[in-house]
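The values are calculated or read from the model by the stated rules, or taken from the named source; none is laboratory data. The structure presented is a predicted model; accordingly, all values stated were derived computationally and were not measured. Using ideal geometry, Cβ is built from the backbone for each residue, glycine included, and neighbour counts are taken over all protein chains shown. These accessible areas exclude ligands, DNA and RNA; they are computed on the full protein's heavy atoms, side chains included. Shrake-Rupley method; radii C 1.70, N 1.55, O 1.52, S 1.80 Å.
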Amino acid sequence: MRYADQVVLARRVHPMTADGPSYEVVEAVAIRGDRITAVGSRAEARGWIGPDTVVTDHGSGVITPGLVDAHSHPILGLRMTAGHDLSGASSPAELQAGLAAAAEATAPGAWVQAWGLKPDAWPAPGPHRAWLDAIVGDRPAIVRFFDGHAVVASTRALELAATADLVDVLGPGLVGRDAQGLTGVVREPAGLAHLDEAIPQPSVHDEAARLHDLLAAMAATGLTTVHALDLEGDALAVLEAAEARGPLPLRLLLSPWCGPELDEDGWRELLALQQRSGERWAVRGVKIFLDGTIDHGTAWLSRPDRWGQSDVSLWPDRDRYAAALAFFDRHGVATATHAIGDAAVGRALDVIGGLRPAGSTLVHRIEHIETAPDHLLPRFAEVGAAACMQPTHCTRYVTADGSDNWSARLPEHQARQAWRTRDLRDLGAVVALGSDWPIAHYDPRQVMADAQERRPAELPDAAPVGPEQRLTARMVLEGYTTHAAAADGLSAELGVLAPGARADLTVFADDPLELAPSALLTCPVLATYVGGEPAHRHTDLHR
């Protein structure tokens, strides 16, 4: 082989290749351009090093393939996190104090915004604009729930957005009503997009700067690729402006939304978007919401929840969902279906399974899968559907005693079928892991640690939620490497350290396959390489 452009050394390298390395010791990675040319021992590495080769020795560090977050919202999330952070509010008093602080910090005439609201924090009988009005007065205000699928808007905000006229247009339940009129609760993408249109948005320049900073912070946690399941509004302009500031700190794959309101012309417009890309971003795939969330009664369960909700699909014409998947499959575009309830998961599996006889070779994904009965689980491997799951949704928002809003809404048997990560893995399914930021933190170390414990890994006394669904250390690393790459049909390029793969590397200070989950949470990331270029270096790193 020719000399490498650079060689990266460490105490240990985990190539994560399917058959394992054909050598006993792996301590080095050779890179030429943006691709890996060899992996092997330090002794072998001496033959890769020429007079111009850059050598970086990470000492006792451990190298893995660059981590891939299979589900996140880095661009949309910038707007979802506008204003005051309410994620720490767990009672009406704390919520009231947080909203008062948000109002005080907002200039007169500007929209009061807050995010991260948990349903249990609102006082009985539940979210209503009247309670919000009492705090913000005659000001436009919007408070986003933690899951990103619903908001509470003040009376003035509803007036500015002319929401009353759209109740029937947006569908049943998407705009809340009671005997006095609008409650202020607006749910799901159609309703939220309508409200967002009334809110003054930051400039593309400002959003681009925030995006660059966010991606740099993500790269510092070991992420090298993020699949962003959205491409809404002026996202393309923000991406182009961000890249004009310099290379993005990591790779972005983006999937625009396909809603039930689109006809075949709309589908073709989404096809055209698949041609758009930059140096480190590309449009890849399409996102479809088959249902909403259990917390807001908009999931699609086989039977209604305890409140009589979550029994309908967001696609009223279910056959049209099948037609959309078939259309994109015929044109070589993979889909990601948001399916939280068991009925939604079953429908997605049925449709994806029906594509195989037609000769489909694409990997279609199902996102979230928060509750699923036994009979659905083997079908993931049978039909080749990838399961993309977010363990911290379970560990951070659900409690073992069932006192949380999610558990309280479900019949007990369905609540016990929560986030069945281990069952899916044991049945041979691809299980890609992610954060769904800003719903949960983007740090992959937190997701991987929690997935092994089924509780917040920093809380050793917390009772686990479904402990039988714990993943092993290797399974969680696969969830962020080989399985995440497989879910995107990119197994030859991402998720492994092998000749020909992209030179994306994550360097941990210690071995993630040997660390206790609580130690993994705080294990430093010494460096992150994207296409062979350092995107992050720990301040203690010495070359």
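So here's what we get for this one:
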item	result
Cα centre as origin, Lys/Arg/Asp/Glu Cβ charges: region 298-383 dipole, Debye	180 debye
Heavy-atom accessible area ranking, 1.4 Å probe, most first, across Ser403, Ser87	Ser403, Ser87
Label-to-label distance, nm, for residues given as Leu459 and Glu159 (7 Å Cα→Cβ offset)	4.1 nm
Region 394-444: relative contact order in percent, alpha carbon pairs under 8 Å with at least 6 residues between	21 percent
Cβ-Cβ FRET estimate between Ala381 and Ala282, R0 fixed at 25 Å, reported to 0.05	0.35
Accessible surface ranking that places the most exposed of Ser302, Ser313 first, with a 1.4 angstrom probe	Ser302, Ser313
Residue-level accessible surface for Arg35, protein heavy atoms, 1.4 Å, Å²	70 Å²
Surface accessible to a 1.4 Å probe, Trp300 within the full protein complex, Å²	20 Å²
Contour minus Cα-Cα distance for Asp85 and Arg306 (0.36 nm per residue)	76.6 nm
Three-way shape call for region 432-475 based on the alpha-carbon gyration tensor, with the a/c threshold at 1.5	oblate
Shape of the chain, Cα gyration tensor, a/c cut at 1.5	prolate
Theoretical FRET efficiency, 1/(1+(r/R0)^6), r = Cβ-Cβ of Ala101 and Leu513, R0 51 Å, to 0.05	0.75
Residue among Ala323, Trp300, Leu273 farthest towards the positive dipole end of region 257-332, charges placed on Cβ	Leu273
Percentage relative contact order, the chain, counting C-alpha pairs under 8 Å, at least six apart	17 percent
Cα centre as origin, Lys/Arg/Asp/Glu Cβ charges: region 36-138 dipole, Debye	220 debye
Helical contribution to [θ] at 222 nm, DSSP H n ≥ 4, -39,500 (n - 2.57), averaged over the chain, rounded to 500	-8500 deg cm²/dmol
Accessible area of the chain belonging to carbon and sulfur atoms, whole % at 1.4 Å probe	51 percent
Heavy-atom surface of region 106-212, accessible at 1.4 Å and reported per residue (Å²)	43 Å²
Rounded Å value of the spacing that divides the Cα centres of region 495-543 and region 192-266	25 Å
Nearest-10 value in Å² for the accessible area of His413, using the 1.4 Å probe	90 Å²
FRET E, pair Val55, Arg318, Förster distance 60 Å, beta-carbon r, rounded to 0.05	0.55
Charge dipole (debye, nearest 20) of the chain; +1 at Cβ of Lys and Arg, -1 at Cβ of Asp and Glu	880 debye
Charge dipole (region 79-170, unit charges on Cβ, about Cα centre) - positive-most of Gly126, Ala89, Ala161	Ala89
